[in-house]
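Here the structure is laid out as structure tokens; the discussion comes afterwards.
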Amino acid sequence: MGSRTEESLKDWYQKTEEEVLEALHTSKEGLSATEAAGLLASKGENILEEGKKKSTLQVFAEQFRDLLVVILIAAAVISMLSGNAESTIVIVAVIVLNAVLGTVQHEKAQKSLASLKSLSSPTAKVIRDGQKVEIASKGVVPGDILLLEAGDMVVADGRILNNYSLQVNESSLTGESTNVDKEEGTLDTEAPLADRTNMVYSGSLVTYGRAVVAVTGTGMDTEIGKIASLMNATKEKKTPLQVSLDQFSSRLAMVIMVICGLVFLLSIYRKMPLLDSLMFAVALAVAAIPEALSSIVTIVQAMGTQRMAKENAIIKELKAVESLGCVSVICSDKTGTLTQNKMTVKDIYVDGKVCQPDELDLRSQLHRYLLYDALLTNDSSLVEGKGIGDPTEYALLEMAGKVSLSHDLIREMMHRLEEIPFDSDRKLMSTKYQLHGVPTILTKGAVDVLLYRTTHIRTSEGVRELTEKDRENILEQNMRFSENGLRVLAFAYKEVEEDHVLSLKSENDFIFIGLISMVDPPREESKDAVADAKRAGIRPVMITGDHKITATAIAKQIGIFEKGDMAVTGAELDAMTDEELDLNITKTSVYARVSPENKIRIVDAWQRRGNVVSMTGDGVNDAPALKKADIGVAMGITGTEVSKDAASMILADDNFATIIKAVANGRNVYRNIKNAIQFLLSGNMAGILSVLYTSIMALPVPFAPVHLLFINLLTDSLPAIAIGMEPAEHGLLNRKPRDPKEGILSKEFMLKILVQGALIAVCTMTAFHIGLKQGSAATASTMAFCTLTLSRLFHGFNCRSRQSIFRLGFASNWYSLGAFLAGVFLLSLVMFVPVLEKLFSVAPLTASQIGIIYGLAVIPTIIIQFAKIIKENRK
Ligand code: ATP
């Protein structure tokens with residue numbers, strides 16, 4: 001009993017492997033699915049509880065912190081003092097309604113972001129019921145057997161059972177940025193977290209090697225969970241566009257306040273009653289403050305990201321949607337992104353001759369060595385004819401299948417003693433086996449790397465020294481394969497002493513066996529996507545770990561490499577100074593044999609020229625380059641969790657063409673936001689100009705605050721959202737990318753707003769004058785209000801696009817027509833339903849007055865459409 005208590009007092013790292021497994025009620029075969037489900041129910045999901053989310057009530061309360069609300073409350077008070085109880089009720093109702101709408105929008109945007117987040121949530125490989133399965137990391141439970149490999153994020157705390165050169169970066173936990181080596185075994189003494197070398201902790205990254213781990217803690221029970229509450233202060237980040245619009249709004253508010261003050265003083269000077277003067281000022285404020293701006297941006301962006309997710313581009317940061325529209329350089333991996341990542345072995349070079357896979361002869365010892373090397377430095381498998389693992393590797397299994405060599409049998413017969421996994425920096429993979437009773441290191445890798453580590457060659461006549469001539473022949477053959485766009489691997493081996501321990505130092509003095517080349521055809525859509533990119537003023541650049549000649553051949557096929565372009569290797573890049581790189585950067589369309597550090601320099605050089613750069617990556621070392629790029633793009637299928645974590649966009653289908661689609665979507669979202677802003681601001685401008693005009697001309701107040709509230713918060717928001725839904729137009733990719741420095745509120749844009757606002761204001765004021773002439777101030781105000789509402793509704797069609805509505809057609813955006821009709825319906829309710837008539841201080845109008853309203857309201861739209869048609873024809 002005593003020893004049992006002692007045992008349970010021990011920390012995980014102090015227990016033996018058996019004690020760990022026993023305490024967790026698990027085995028190396030993993031939990032069963034039912035056990036795991038039970039544990040998930042009792043222990044909870046493996047997630048860190050997010051910092052306290054704002055409650056709906058809090059969000060609702062925040063809606064009242066707006067300047068507009070303060071002004072509205074003032075308006076309500078003034079209305080009450082002037083004995084207009086109905087108006088007060090309406091204003092209060094509108095304030096509440098506005099807050100409700102704001103809350104709903106906020107919650108909706110949050111939900112859509114959360115759904116995007118779940119699309120990009122990490123996965124983990126575990127053993128369940130004795131089988132390796134991939135599950136969402138939130139489903140991991142204590143007792144699971146977790147399989148870690150380079151590029152994975154550690155998703156739970158665990159004790160290492162089997163270690164294969166595992167290195168992890170635990171900086172998120174310990175602050176130590178260097179990678180730490182892990183090991184198996186039990187630690188006897190007490191050790192601080194950083195020294196528990198037989199444990200891995202949630203939140204760290206696997207940078208090298210692999211390991212089998214028993215999960216000891218999940219969710220908030222992990223070490224990171226214990227400190228998570230410190231980091232959970234999740235702030236809602238606004239995008240640059242939202243920030244700049246917010247700044248614009250508050251600057252505008254200041255200007256409006258000053259003008260309101262002046263208008264008020266002017267009214268007092270004209271001896272207008274105090275309350276009326278105040279009403280003037282308040283009406284102006286309500287007309288001018290663009291309350292919907294920021295929320296329209298959020299809504300349109302959220303809708304855009306949903307559309308992109310459907311097209312396989314998962315946006316992780318809203319900010320990326322804006323940057324996507326100005327991307328001018330796309331740096332893309334080759335394998336799997338531009339090509340299909342479906343490798344098939346083509347030609348084989350062995351014994352000085354080229355042969356085909358089905359010509360391999362099992363009776364030849366040389367061929368057998370090549371096959372052993374191909375099957376044993378290989379971690380892939382074929383299940384029911386489908387490859388699992390690295391496509392380069394299962395192409396080799398398929399090759400062996402052509403001469404009826406069972407890779408399962410070979411692997412069963414031979415026992416792997418040690419291994420150094422492939423990594424794209426070293427470009428080699430080595431394993432140690434007992435081959436025919438002799439410890440042998442088998443290696444495969446890039447020709448240019450491995451050939452310089454070989455001293456001998458094996459031919460059908462046996463092993464001899466590698467001559468200069470042999471080397472030349474091999475390189476020449478490599479060149480011939482590469483020129484056809486084939487990926488080439490070299491194979492070599494060496495026998496070692498019994499006690500030799502496999503390490504990076506062992507990868508030398510090899511005996512060369514042969515070369516195997518494989519095709520990986522370009523994706524069908526790559527060529528068109530590259531052409532689209534070029535048409536859109538975007539420079540596609542290929543960045544690959546593959547050989548320069550292979551990469552160039554593929555780049556030529558898909559149109560990335562054109563006459564006069566350059567291809568540069570990582571080594572050549574290393575030799576260049578920054579100045580030299582700057583001189584060559586625009587000419588270079590292919591970078592081959594690059595290291596992750598090279599990628600950072602390439603991004604940097606393009607950014608120095610003022611470009612907005614997108615960079616793809618999948619490996620564990622790609623994270624810094626992905627972060628450095630304006631848009632870091634990770635691969636959804638082949639990408640490591642680490643790269644996905646660092647990226648701002650994930651390609652669910654690993655496809656280059658998806659990036660181009662996302663760029664088009666990004667451009668469209670930006671255009672729609674700009675158009676929606678144009679719609680809202682020009683409408684507000686019309687209101688401001690009208691109020692200013694009547695104030696200066698000493699006319700009665702044209703609008704009651706409720707009128708402007710009705711327009712700003714109800715009838716205007718519908719067309720604004722509809723404009724945000726405008727589908728991408730044809731020529732979207734025919735234009736150059738937008739200049740990132742050019743803000744949305746350019747001079748030209750503001751001028752457009754002023755002119756369009758003035759047009760609407762002129763018509764509104766014409767209606768006002770006609771009303772004054774024909775009836776009372778109340779009739780005039782009603783006519784002005786109805787004209788302003790209607791003309792803004794019509795104006796919704798103008799703001800859909802630069803093109804005229806006749807070219808666009810109503811059918812291309814039904815939302816826009818729907819928003820218009822809904823607006824007209826709402827206005828008719830206010831005009832004709834007696835209760836509302838009273839509430840909204842609307843006077844009854846005659847049929848001819850209504851005719852005048854419609855006639856005047858459509859005039860600005862006719863003029864604007866005319867101008868568009870003239871412009872189109874001139875083009
Ligand atoms: P990209 O960066 O475009 O995805 P890639 O997949 O060709 O290119 P890497 O995977 O880094 O880049 O491969 C670089 C080189 O390493 C290849 O050209 C090949 O010679 C070699 N190589 C690739 N896979 C393996 C492997 N599993 N074992 C040994 N060597 C490999």
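The values are calculated or read from the model by the stated rules, or taken from the named source; none is laboratory data. All values derive from a computational prediction rather than experimental measurement. Heads up, the Cβs are rebuilt from the backbone with ideal geometry, glycines too, and the neighbour counts pull from every protein chain shown.
Could you go through region 638-645 and let me know if any residue there is outside any helix (DSSP H, G or I) and within 11 Å of the ligand (Cβ to nearest atom). Quick ask: steps written out before the conclusion?
Of region 638-645, the ones outside any helix (DSSP H, G or I) are 638-640.
Then drop every residue that is not within 11 Å of the ligand (Cβ to nearest atom), which leaves 638-639.
The answer is yes; a qualifying residue exists.
Can you confirm whether region 55-71 contains a residue that is buried (at least 19 other Cβ atoms within 10 Å of the Cβ), modelled with pLDDT of 80 or more and not small (Gly, Ala, Ser)?
For region 55-71, residues buried (at least 19 other Cβ atoms within 10 Å of the Cβ), modelled with pLDDT of 80 or more and not small (Gly, Ala, Ser): absent.
Which ones in region 459-502 are within 46 Å of the chain's Cα centre (by Cα), away from the ligand (no atom under 16 Å from the Cβ) and in a loop (DSSP other than H, G, I, E, B)?
Val501
Which is more than 16 Å from the ligand (Cβ to nearest atom) and either under 24 Å from the mean Cα position of the chain (by Cα) or not aromatic (Phe, Trp, Tyr) (or both), of Arg601, Arg608?
Working: Arg601 fails: more than 16 Å from the ligand (Cβ to nearest atom).
Residue meeting the stated conditions: Arg608.
State the number of residues belonging to region 263-272 that are part of a loop (DSSP other than H, G, I, E, B) and in contact (Cβ under 8 Å) with a residue 60 or more places away in the chain.
Residues of region 263-272 that are part of a loop (DSSP other than H, G, I, E, B), as a first pass: 270-272.
Keeping just the survivors that are in contact (Cβ under 8 Å) with a residue 60 or more places away in the chain gives 270.
Residues that pass the stated criteria total 1.
Does Glu176 meet the test of being assigned to a loop (DSSP other than H, G, I, E, B), among the acidic types (Asp, Glu) and out of contact with any strand residue (DSSP E or B) (no Cβ under 7 Å at 6 or more places or on another chain)? Before the answer, list the steps.
On the way: assigned to a loop (DSSP other than H, G, I, E, B): yes; among the acidic types (Asp, Glu): yes; out of contact with any strand residue (DSSP E or B) (no Cβ under 7 Å at 6 or more places or on another chain): yes.
Yes, satisfied.
How many residues does region 425-458 hold that are in a loop (DSSP other than H, G, I, E, B) and within 11 Å of the ligand (Cβ to nearest atom)?
Of the residues in region 425-458, 3 are in a loop (DSSP other than H, G, I, E, B) and within 11 Å of the ligand (Cβ to nearest atom).
Go through (1) of a type in the set (A, V, I, L, M, F, W, C); (2) more than 20 Å from Ala76 (Cα to Cα); (3) not in a loop (DSSP other than H, G, I, E, B) one by one and return the number of the condition Val282 breaks.
(2)
Can you tell me which of (1) over 30 Å from Asn84 (Cα atoms); (2) in contact with a Lys or Arg (Cβ under 9 Å, 6 or more places away or on another chain) is the one Ile760 doesn't meet?
Tallying (1) over 30 Å from Asn84 (Cα atoms); (2) in contact with a Lys or Arg (Cβ under 9 Å, 6 or more places away or on another chain), Ile760 fails exactly one: (1).
Pairs only if they're at least six apart or on different chains, beta carbon under 8 angstrom, first in region 455-474 and free of Cβ contacts under 8 Å to residues at least 24 places away in the same chain and closer than 15 Å to Leu366 by Cβ, second surrounded by 10 or more Cβ atoms within 10 Å (Cβ to Cβ) and among the aliphatic types (A, V, I, L, M); list them, first residue then second.
Short answer, once both residue conditions are applied: Arg464/Ile457.
Looking only at region 17-49, count how many residues are loosely packed, with under 13 Cβ neighbours inside 10 Å and either closer than 21 Å to Lys226 by Cβ or in contact (Cβ under 8 Å) with a residue 24 or more places away in the chain (or both).
Result for region 17-49: 4.
To keep it simple, each residue is scored yes or no on (1) within 14 Å of the ligand (Cβ to nearest atom); (2) surrounded by fewer than 20 Cβ atoms within 10 Å (Cβ to Cβ); (3) more than 43 Å from the chain's Cα centre (by Cα).
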{"residue": "Lys342", "(1), (2), (3)": "yes, yes, no"}
{"residue": "His367", "(1), (2), (3)": "no, no, yes"}
{"residue": "Ile388", "(1), (2), (3)": "yes, yes, no"}
{"residue": "Met413", "(1), (2), (3)": "no, yes, yes"}
{"residue": "Asp423", "(1), (2), (3)": "yes, yes, no"}
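Determine whether region 382-390 contains at least one residue that is among the small types (Gly, Ala, Ser), under 25 Å from Leu450 (Cα atoms) and assigned to a loop (DSSP other than H, G, I, E, B).
Kept after step one, since they are among the small types (Gly, Ala, Ser), are these residues of region 382-390: 385, 387, 389.
Of the ones still in play, those that are also under 25 Å from Leu450 (Cα atoms) are 389.
Of the ones still in play, those that are also assigned to a loop (DSSP other than H, G, I, E, B) are 389.
The answer is yes, given that some residue of region 382-390 is among the small types (Gly, Ala, Ser), under 25 Å from Leu450 (Cα atoms) and assigned to a loop (DSSP other than H, G, I, E, B).
Looking only at region 611-624, filter to residues that are modelled with pLDDT of 90 or more and within 16 Å of the ligand (Cβ to nearest atom); which one of those is nearest to Ser643 (Cα to Cα)? Before the answer, list the steps.
If we filter region 611-624 for residues that are modelled with pLDDT of 90 or more, which is where we start, we get 611-616.
Retained after the next criterion (residues that are within 16 Å of the ligand (Cβ to nearest atom)): 614-616.
Numbers: Ser614: 14, Met615: 11, Thr616: 9 Å.
Here the residue is Thr616.
Would you please list the contacts, defined by Cβ atoms under 7 Å and residues six or more apart or on different chains, that run from a residue in region 419-432 that is under 10 Å from Gly545 (Cβ atoms) to a residue that is near the ligand (Cβ under 8 Å from one of its atoms) and assigned to a strand (DSSP E or B)?
Lys427/Gly445; Lys427/Ala446
How many residues does region 640-669 contain that are in contact (Cβ under 8 Å) with a residue 60 or more places away in the chain, farther than 25 Å from Gly731 by Cα and either surrounded by 24 or more Cβ atoms within 10 Å (Cβ to Cβ) or touching a strand residue (DSSP E or B) at 6+ places or on another chain (Cβ under 8 Å) (or both)?
Initially, region 640-669 is screened for residues in contact (Cβ under 8 Å) with a residue 60 or more places away in the chain, giving 640-645, 647-669.
Those still in the list that are farther than 25 Å from Gly731 by Cα too: 640-645, 647-648, 650, 652-654.
Right, trim to either surrounded by 24 or more Cβ atoms within 10 Å (Cβ to Cβ) or touching a strand residue (DSSP E or B) at 6+ places or on another chain (Cβ under 8 Å) (or both) and you get 640-645, 647-648, 650, 652, 654.
Count: 11.
Scan region 553-587 residue by residue and report those that are exposed (fewer than 15 other Cβ atoms within 10 Å of the Cβ) and within 16 Å of the ligand (Cβ to nearest atom).
Selection gives Ala571 alone.
Within the set of pairs 6 or more residues apart or between chains, which connect a residue that is free of Cβ contacts under 8 Å to residues at least 12 places away in the same chain inside region 273-301 to a residue that is assigned to a helix (DSSP H, G or I) and of a type in the set (A, V, I, L, M) with Cβ atoms less than 9 Å apart?
Filtered contacts from region 273-301: Leu274/Ile268.
If you scan region 530-552, which residues turn out to be within 16 Å of the ligand (Cβ to nearest atom), small (Gly, Ala, Ser) and buried (at least 23 other Cβ atoms within 10 Å of the Cβ)? Working first, answer last.
Filtering region 530-552 for residues within 16 Å of the ligand (Cβ to nearest atom) gives 530, 540-552.
So of that shortlist, the ones also small (Gly, Ala, Ser) come out as 545, 551.
Listed by number, the list holds a single entry, Ala551.
Could you grab the pairs with beta carbons closer than 8 Å, sequence gap of 6+ or different chains, first residue in region 93-109 and within 21 Å of Ile73 (Cβ to Cβ) and modelled with pLDDT under 80, second one surrounded by fewer than 18 Cβ atoms within 10 Å (Cβ to Cβ) and of a type outside the set (Lys, Arg)?
Hits for this filter: Ile95/Phe64; Ile95/Val69; Ile95/Ile73; Asn98/Val69.
Under 7 Å between Cβ atoms, at least 6 apart or on separate chains: pull out the pairs that start in region 170-192 with a residue that is at pLDDT below 80 and end on any residue that is buried (at least 16 other Cβ atoms within 10 Å of the Cβ) and assigned to a loop (DSSP other than H, G, I, E, B).
Short answer, once both residue conditions are applied: Ser172/Gly203; Ser172/Ser204; Leu173/Tyr201; Leu173/Gly203; Leu173/Ser204; Glu176/Glu170.
What's the number of the only condition in (1) in contact (Cβ under 8 Å) with a residue 60 or more places away in the chain; (2) more than 16 Å from the ligand (Cβ to nearest atom); (3) polar (S, T, N, Q); (4) in contact with a Phe, Trp or Tyr (Cβ under 6 Å, 6 or more places away or on another chain) that Gln306 fails to meet?
Going through (1) in contact (Cβ under 8 Å) with a residue 60 or more places away in the chain; (2) more than 16 Å from the ligand (Cβ to nearest atom); (3) polar (S, T, N, Q); (4) in contact with a Phe, Trp or Tyr (Cβ under 6 Å, 6 or more places away or on another chain) one by one, Gln306 breaks only (4).
Do any helices (runs of 4 or more DSSP H) entirely within region 785-864 hold 1 or more residues that are surrounded by 15 or more Cβ atoms within 10 Å (Cβ to Cβ) and out of contact with any Lys or Arg (no Cβ under 9 Å at 6 or more places or on another chain), and if so, which? Explain how you work it out, then say what you get.
On the way: elements: 805-808, 814-832, 834-839.
In region 785-864, 814-832, 834-839 are the helices (runs of 4 or more DSSP H) which contain 1 or more residues that are surrounded by 15 or more Cβ atoms within 10 Å (Cβ to Cβ) and out of contact with any Lys or Arg (no Cβ under 9 Å at 6 or more places or on another chain).
Which residues, counting only those in region 54-92, are without any contact (Cβ under 8 Å) to a residue 12 or more places away in the chain, outside any helix (DSSP H, G or I) and farther than 13 Å from Ser841 by Cβ?
The answer is Lys54, Ser55.
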